[in-house]
1. Which of the residues belonging to region A:17-34 are touching a His at 6+ places or on another chain (Cβ under 9 Å) and open to solvent by less than 40 Å² (accessible area, probe 1.4 Å)?
2. Of all residues in region A:61-76 being open to solvent by 50 Å² or more (accessible area, probe 1.4 Å) and acidic (Asp, Glu), which is nearest to the other protein chains (Cβ to nearest Cβ)?
3. Quick one: what pairs do we get from region B:139-168, first residue in contact (Cβ under 8 Å) with a residue 60 or more places away in the chain, second assigned to a helix (DSSP H, G or I) and of a type in the set (D, E, K, R), C-beta under 8 Å, 6+ apart or different chains?
4. Would you call residue B:412 away from chain A (no Cβ under 11 Å), in contact with a Pro (Cβ under 7 Å, 6 or more places away or on another chain) and open to solvent by 50 Å² or more (accessible area, probe 1.4 Å)?
5. Cβ contacts < 8 Å: first residue more than 10 Å from chain B (Cβ to nearest Cβ), restricted to region A:89-118; second residue open to solvent by 80 Å² or more (accessible area, probe 1.4 Å), any location; separation 6+ or different chain. Result?
6. Residues that are open to solvent by less than 10 Å² (accessible area, probe 1.4 Å): which helices (runs of 4 or more DSSP H) entirely in region B:141-198 hold 3 or more of them?
7. Scanning for something touching a residue at least 12 places away in the same chain (Cβ under 8 Å), in a loop (DSSP other than H, G, I, E, B) and out of contact with any helix residue (DSSP H, G or I) (no Cβ under 6 Å at 6 or more places or on another chain), does region A:48-56 turn up at least one residue?
8. Do you know which residues across region A:193-210 are within 15 Å of the chain's Cα centre (by Cα) and at pLDDT 95 or above?
Amino acid sequence: MLSIKNLHAGIHGKEILRGIDLGVRSGEVHAIMGPNGSGKSTLAQLLAGRDGYEVTAGSVRYLDQDLLAMPAEARARAGLFLAFQYPVEIPGVSNALFLKAALNSIRKQQGLDELDAMDLLQLMRDKMKLLGMDELLLPRAVNEGFSGGEKKRNEVLQMAVLEPKLAILDETDSGLDIDALKIVADGVNGMRHPQRAIVLVTHYQRLLEFIVPDVVHVLSQGRIVRSGAAELARELEQHGYGWVEEQKAA
Amino acid sequence: MSAASKQLDELIGREYRHGFVTTLATDTVPRGLNEAVIRMISARKHEPQFMLEWRLKAFRHWLTMREPQWANIHHPPIDYQNISYYSAPKSEKDGPRSLSELDPELLRTYEKLGIPLKEQEMLAGVAVDAVFDSVSVATTFKEKLAELGIIFCPFSEAVQKHPELVQRYLGSVVPYTDNFYATLNSAVFSDGSFCYIPPGVRCPMELSTYFRINERNTGQFERTLIIADKGAYVSYLEGCTAPMRDEHQLHAAVVELIALDDAQIKYATVQNWYPGDKEGRGGIYNFVTKRGECRGANSHISWTQVETGSAITWKYPSVVLLGDNSVGEFYSVALTNHHQQADTGTKMTHVGRNTRSTVLSKGISAGYGQNTYRGLIKVLPGAEDARNYTQCDSLLLGGQCGAHTMPYIEVRNPTAKVEHEASTSRIGEEQLFYCTQRGIAPEEAVSMIVSGFCKAVFQNLPMEFAVEAQKLLGVSLEGSTG
């Protein structure tokens, strides 16, 4: 589904990703871990189509297309979803309206009929119930005045409604208390599907107790320095990121 | 500049594609302004003596005046002697024969705004058959209004049929000495609307929804007078979201509203005159004086405006709160794109006791647009317990535009409470990326963010108008209709 080869990229002339190689197949859940500044968020944002990054080498194929040549909206319509680390507020635009515009843009691309407001509302209500979200958030402006936890849940709600093929969650666990974390994890686990891949970007192993990944990658200084099964995350928790560096050096 | 803001600039930098289709009217007086021209205008309109005298007084006063210099607008000098001050309504023969003769881009714009076919024909000046749906609809409504004693007609008709009302109220809110442009209008105004709602009558429909297309060709010096007698209510809509063709560059309209005891007037405007091209060439200069007087106790006047057109907008719809407990409101969205300039706002003058006013202004600047909010809140010594709340928000798109806020507050009564809030924000790359990452096209995203910003103002528009206004914002930002 996703194939990253020798990706080098940076911003303002500073190289951040220094040769990433990563393959993700349908049905898999990957976790990308790494210390602050290792390039996790850069990778997530670059894949989602954020402007401003300079790709100096390498390639990214997504569903047999050249991902880097597609504008952000085309990537989204092709099923790539990013749950933002810092969800953005859009005053005056209701959650319901925003999600309707998003879903219908994607459906249109897929040759499906646009959903009308009533069907959509029902869909959103069902998903919100699963995520333990208050329906009153629907008419409220996108993320405006939401608590940190509400914002993160709202990202997962959008993911649940938009049903992406590849979902990248950028530190969705940060700022969540344990109850909220469980709810979010349940939401994500409910999305696991043979036709869908999920990439979790996280600093801590905590999330991976609830969402058990198939593969864990450790990112350090812009490279994937180690990949392994779910146990790798636990080892990391015990030994810290320094341990990987040492192992690599050894 | 990053790629995202470049993209933003491209979005808002598109051109007004169709431009103007101009057909010159044949029955036009020679250019220039003097007493003979004013006598000619008055004579052609068969006006009574008092009208001619009023026009002449205004003209003589105008000769002593100079253009105001305080506004944050810039334009080459206007040669007032190079303007023709009277054009007879255009003959239908001059218009296109059918919509197929029109610029397809203009038609596309009408489609986008959802203007019905018949209205498209009227707007475009297509010669149509005598039997025409909306004309008969209009006639039916006029009969209904007449049953209620409501007078709603062209200004020139009111001068003929109701001279006593015109004489009593004309210039009573905006005197002929008021300001350079209002005085010029008083001398030369061509036509406009007149509306009188008798005591206790609630006008059952949004006035001019059904009439707007019949009211075109009122010319560049339009005059509107609306009187709501005791306990009356009226909601009036001016303008149209569709781009209208006009060959006059200078527009100087005057609107006067009068609300007597317990009366309420809601006045909504959507202004979408030609804004000029991408380089700032051409476009309408819209210098308008609008003022309402809450003359009676418990009266209520609200102005709502959506200003997206014109090269220059200079207007301050105001309310003088004379009656005790009277209420004045001003809700505004002003959008400037390319090289458009807007200096707009309001004046709320609190005279009566316990008077209240609310000001909500949303300015959007894109391209090289310059947007100034200018407001005055004035509380006179007798205005016990006056209240004002003002909120001015500015939204910037791109890096070359400007937003300015100039609030003036004069309080001469210690019991007054006056609040002012202001904010300036920029459509961020973050917001735009958040939308596009969800599959929303950048153009739609900008329009959605801007609509959200304006929501609180749109809520004050009649439903149908609000939907049109929202579409208009989207189209204006695209630049395809200005």
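The values are calculated or read from the model by the stated rules, or taken from the named source; none is laboratory data. What you see is a predicted model; the values in this text were computed from it and never measured. Neighbour counts run over all protein chains shown; Cβ positions are idealised from the backbone, glycine included. Note: areas computed on protein heavy atoms with side chains; ligands, DNA, RNA excluded. Shrake-Rupley method; radii C 1.70, N 1.55, O 1.52, S 1.80 Å.
1. A:17, A:19, A:20, A:22, A:24, A:27, A:30, A:31, A:32, A:33, A:34
2. A:66
3. B:154/B:215
4. yes
5. A:95/A:139; A:95/A:140; A:96/A:139; A:114/A:108
6. Per the criteria, B:155-161, B:180-188.
7. yes
8. Across region A:193-210, the qualifying residues are A:196, A:197, A:198, A:199, A:200, A:201.
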